[in-house]
Amino acid sequence: MTGRRSFWLFTALAFGYAFLYLPIVTLIVYSFNDSRLVTVWGGFSTRWYAELFRNEQILSALWLSVRIAAMTATLAVILGTLAALTLVRFTHFRTRMLFAGMVAAPLVMPEVILGLSALLMFVTLEQAIGWPPGRGMTTITIAHVTFTSAFVAVIVQSRLSQLDVNLEEAAMDLGARPWKVFFVIILPIISPALIAGWLLGFTLSMDDLVIASFVSGPGATTLPMVVYSSVRLGVSPQVNALATLIVVVVATGVIIAGWLLHRQARRAGR
Amino acid sequence: MNTGPAPADTAGASSLKRRFERGVKSLTQGRLGRAAVIALPYSWLLLFLLLPILIVLKISLAEIALASPPYTPMLQWAEERTLALQVHIGNYAYLWQDPLYVGAYMNSLKVAAVSTVFCLLIGYPMAYGIARAPAGWRIVLLMLVILPFWTSFLIRVYAWIGLLQGNGLINHLLLSIGLIDQPLVLLHSNFAVYLGIVYSYLPFMILPLYATLVRMDLTLLEAAADLGCPPWKAFLTVTLPLSMPGVIAGSLLVFIPAVGEFVIPDLLGGPDSLMIGRVLWTEFFSNRDWPVAAAVAIAMLAVILIPLLLFQRVGERETTRER
């Protein structure tokens, strides 16, 4: 690679990363600003964090979101893994195209459509069979599972398609039943993908505003719904503090994951 | 599932019979297991993804009514016990005639297309740079692209409010270095919407581009150089065509969700940045007109159906090639 070209590539990367990170950095910096105003630096302070931890509304919304996200991620991993297995292993069955389309659709479908359609279905179902009774945590979880399992399916699918089919065949030849092959051979190999899928499902569910707003009911206010209504009124230092905490948690997670991946790659390389 | 004696117990039977039994058993078990694996995700998706969209289609053909739920039923018991089918296409006619809706559709398509181009212009050099970086650096650079995606989308959009508003950081900076005399109106403008979409969707563009660029055979470029091809020409005739699958996948991953985007135009856009996702939201939450909101959703689906099918085709080809 010539020097001039690597200089340009370096500039492009530097510019790109600055674009990606400057807004996040300013959020973090101003979360420690004593002044309520964005442009005025009133000195270092952690008062917004103290206020955040006293904010009952935010704390209860956070707890609701965490419960929904944990439930969503668990169900999405089960459904997404089954969907990925179907797509990778069963290449020939009728209506496979429809199935593949339905699995991929939530990846790109606008959230407003997913939210509206889920709500109208819940209303229709309630009218017809009396379930689900009203809307709240259950309906949000169902709608979240539907769209997050698509992301899980993509992750698991890419891992499954790298899998050596010989391993399975060898196990089958030695008399292992399909379910045993799955639990003893496939599951351990794809477990990193399942963990990644669970974490992604959790994050997507925690982060969703649009779908939750449609299918939520009275009393079920998730964290993004609280943040959205406060952000609409303008900049709020408490949201900055919350954002900083989210960034710290996510960065820690990503660094740990990166370190594990790095270690795994080094061990595999040896 | 485990019925009948295990092969080891039937020691007395002939080996042929044993083998036959085992063959039959594994066949039925395989089928049963297979049906179970397919049935669960299939029925979930049918019930919670396809059925809802059909219901939206149904309600888009209803009329708004003072009832709970607020629309007229499609099938109604008319007089003398005949079932009357009520189909009302007025909602679609209404969308077509009102310039507000047509304008919002056109604006959504324009905003999504322009944002996709900018994502490509910023994302391609970045993906290229990451793919050609030393192998040890790649994972770190890639992690840095993914990290913002894992933090809250809403909060990343919110970050721009603080930067763009009248007394925000950017205006403050420009004023203090004397480039402008009075604050620019950056927030609540179309510019802010473009910026927000490009910023939020950039990782979706970089990741598929990186995936194709890193798999590329670099000896092709060496061959081109050996044959006297200048680097820019080698890029246009070798690298760019080979990275086309990534370009298409990335563009669709940005374009399709951007068409229906709600949060970004709502928080960063002005009153004139009407996008179709925002119109649907207002129609539903403020006007409480469910049939019109449903019609807006169906019309939006129709607009993105072609790129959606294209996306699935690309995805299918990708998985068959990997296998």
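So which residues in region A:124-146 are among the small types (Gly, Ala, Ser) and assigned to a loop (DSSP other than H, G, I, E, B), if there are any at all? Walk me through it before giving the result.
Going residue by residue through region A:124-146, those that are among the small types (Gly, Ala, Ser) are A:128, A:130, A:134, A:136, A:143.
A:Gly130, A:Gly134, A:Gly136, listed by residue number.
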Looking at (1) more than 25 Å from the chain's Cα centre (by Cα); (2) more than 8 Å from every other protein chain (Cβ to nearest Cβ), find the lone condition where A:Gly136 falls short.
(1)
Test: B:Ala258 is in a helix (DSSP H, G or I), within 10 Å of chain A (Cβ to nearest Cβ) and farther than 16 Å from B:Ser108 by Cα:
no
Does region B:126-140 hold any residues that are open to solvent by 20 Å² or more (accessible area, probe 1.4 Å), in a helix (DSSP H, G or I) and free of Cβ contacts under 8 Å to residues at least 60 places away in the same chain, and which are they?
B:Ala135, B:Gly136, B:Trp137, B:Ile139, B:Val140
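Could you go through region A:77-89 and let me know if any residue there is within 14 Å of chain B (Cβ to nearest Cβ) and closer than 30 Å to A:Ile28 by Cα. Steps first, please.
Taking region A:77-89 as the starting set, the residues that turn out to be within 14 Å of chain B (Cβ to nearest Cβ) are A:77-89.
Those still in the list that are closer than 30 Å to A:Ile28 by Cα too: none.
Checked region A:77-89: no residue is within 14 Å of chain B (Cβ to nearest Cβ) and closer than 30 Å to A:Ile28 by Cα.
For region B:146-164, which residues satisfy the criterion of being open to solvent by less than 30 Å² (accessible area, probe 1.4 Å) and more than 7 Å from chain A (Cβ to nearest Cβ)?
In the first step, residues of region B:146-164 are kept if they are open to solvent by less than 30 Å² (accessible area, probe 1.4 Å); the result is B:147-148, B:151-152, B:154-164.
Answer for region B:146-164, where residues must be open to solvent by less than 30 Å² (accessible area, probe 1.4 Å) and more than 7 Å from chain A (Cβ to nearest Cβ): B:Val157, B:Leu164.
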Qualifying positions in region A:34-60 - within 19 Å of B:Gly166 (Cα to Cα) and not small (Gly, Ala, Ser)
A:Arg36, A:Leu37, A:Val38, A:Thr39, A:Val40, A:Trp41
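Residues are listed down the side, and each one gets a yes or a no for (1) more than 12 Å from every other protein chain (Cβ to nearest Cβ); (2) of a type in the set (Ser, Thr, Tyr):
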| site | (1), (2) |
| --- | --- |
| A:Ala18 | no, no |
| A:Ile24 | no, no |
| A:Tyr30 | no, yes |
| A:Glu51 | yes, no |
| A:Leu59 | yes, no |
| A:Ser65 | no, yes |
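Give me a count of the residues in region B:167-208 that are in a helix (DSSP H, G or I) and either open to solvent by 10 Å² or more (accessible area, probe 1.4 Å) or of a type in the set (A, V, I, L, M, F, W, C) (or both).
Filtering region B:167-208 down to residues in a helix (DSSP H, G or I) leaves B:169-176, B:190-208.
Among the residues that remain, those that are also either open to solvent by 10 Å² or more (accessible area, probe 1.4 Å) or of a type in the set (A, V, I, L, M, F, W, C) (or both) are: B:169-170, B:172-176, B:190-195, B:197-198, B:201-202, B:204-208.
Within region B:167-208, residues that are in a helix (DSSP H, G or I) and either open to solvent by 10 Å² or more (accessible area, probe 1.4 Å) or of a type in the set (A, V, I, L, M, F, W, C) (or both) number 22.
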Would it be correct to say that A:Arg263 is open to solvent by 20 Å² or more (accessible area, probe 1.4 Å), facing another protein chain (nearest Cβ under 8 Å) and either in contact with a Pro (Cβ under 6 Å, 6 or more places away or on another chain) or without any contact (Cβ under 8 Å) to a residue 40 or more places away in the chain (or both)?
no
Any chance A:Ala105 is assigned to a helix (DSSP H, G or I) and buried (at least 24 other Cβ atoms within 10 Å of the Cβ):
no
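Does A:Leu37 satisfy the criteria of being exposed (fewer than 14 other Cβ atoms within 10 Å of the Cβ) and either aliphatic (A, V, I, L, M) or away from chain B (no Cβ under 14 Å) (or both)? Give the derivation first.
Numbers: exposed (fewer than 14 other Cβ atoms within 10 Å of the Cβ): yes; either aliphatic (A, V, I, L, M) or away from chain B (no Cβ under 14 Å) (or both): yes.
Yes, satisfied.
The values are calculated or read from the model by the stated rules, or taken from the named source; none is laboratory data. Only a predicted model underlies this, so the values are computations on that prediction, with no experimental measurement involved. Note that each Cβ is placed from the backbone with ideal geometry, even for glycine, and that neighbours are counted across all protein chains shown. Keep in mind that these areas ignore ligands, DNA and RNA; they rest on the heavy atoms of the full protein, side chains included. Shrake-Rupley method; radii C 1.70, N 1.55, O 1.52, S 1.80 Å.
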